[in-house]
Amino acid sequence: QAQLVESGGGLVQSGGSLRLSCAASRNIFSIVELGWYRQAPGKQRELVAVFTSGGNINYADSVKGRFTISRDGAKNSVYLQMNSLKPEDTAVYYCRYRGEGRGYWGQGTQVTVSS
């Protein structure tokens, strides 16, 4: 089992920045997918930014150039730096890890961007 704990959400004005953090409860291996999804009210959960096997990174088109994903293997952590935030970025952001034949979600952290 692996628990994922997110932090760093909050309320920010349009154009502002936030940094999300996700820490895994143990070492993680054989990454198929590691990163961030989000779900806005009334919408489906969508990919924001993830590392995939081979070290590739996928970003949603809507966040390219504004968000940056990074990770610290020694701390079993993944981060999401969000700049130039827009009201449409408002959502619950979830950490996601898929690997070793299983998938895990964090509990989510709320990001609210006011106009």
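Annotations
- Members of region 94-115 that are part of a strand (DSSP E or B), farther than 11 Å from residue 38 by Cα and hydroxyl-bearing (Ser, Thr, Tyr): 97, 104, 112, 114
- From 87, 41, residue being modelled with pLDDT under 95 and in contact with a Ser or Thr (Cβ under 9 Å, 6 or more places away or on another chain): 41
- The residues of region 90-100 that are over 12 Å from the mean Cα position of the chain (by Cα) and within 14 Å of residue 49 (Cα to Cα) amount to a single one, 98.
- Among the residues here, residue 30 qualifies as out of contact with any helix residue (DSSP H, G or I) (no Cβ under 7 Å at 6 or more places or on another chain), open to solvent by 70 Å² or more (accessible area, probe 1.4 Å), farther than 17 Å from residue 113 by Cα and in contact (Cβ under 8 Å) with a residue 12 or more places away in the chain.
- Close Cβ contacts (under 6 Å, 6 or more residues apart or on different chains) running from residues in region 51-80 that are closer than 18 Å to residue 6 by Cβ to residues that are polar (S, T, N, Q) and open to solvent by less than 70 Å² (accessible area, probe 1.4 Å) comprise 68/81; 79/21; 79/70.
- Check on residue 73, open to solvent by 70 Å² or more (accessible area, probe 1.4 Å), more than 21 Å from residue 17 (Cα to Cα) and more than 11 Å from the chain's Cα centre (by Cα): no
The values are calculated or read from the model by the stated rules, or taken from the named source; none is laboratory data. Given the structure is predicted, the values throughout are model-derived calculations rather than measurements. Glycine gets a Cβ as well: all are built from the backbone with ideal geometry, and neighbour counts include every protein chain shown. Calculation scope for accessible area: heavy atoms of the full protein, side chains included, ligands and nucleic acids excluded. Shrake-Rupley method; radii C 1.70, N 1.55, O 1.52, S 1.80 Å.
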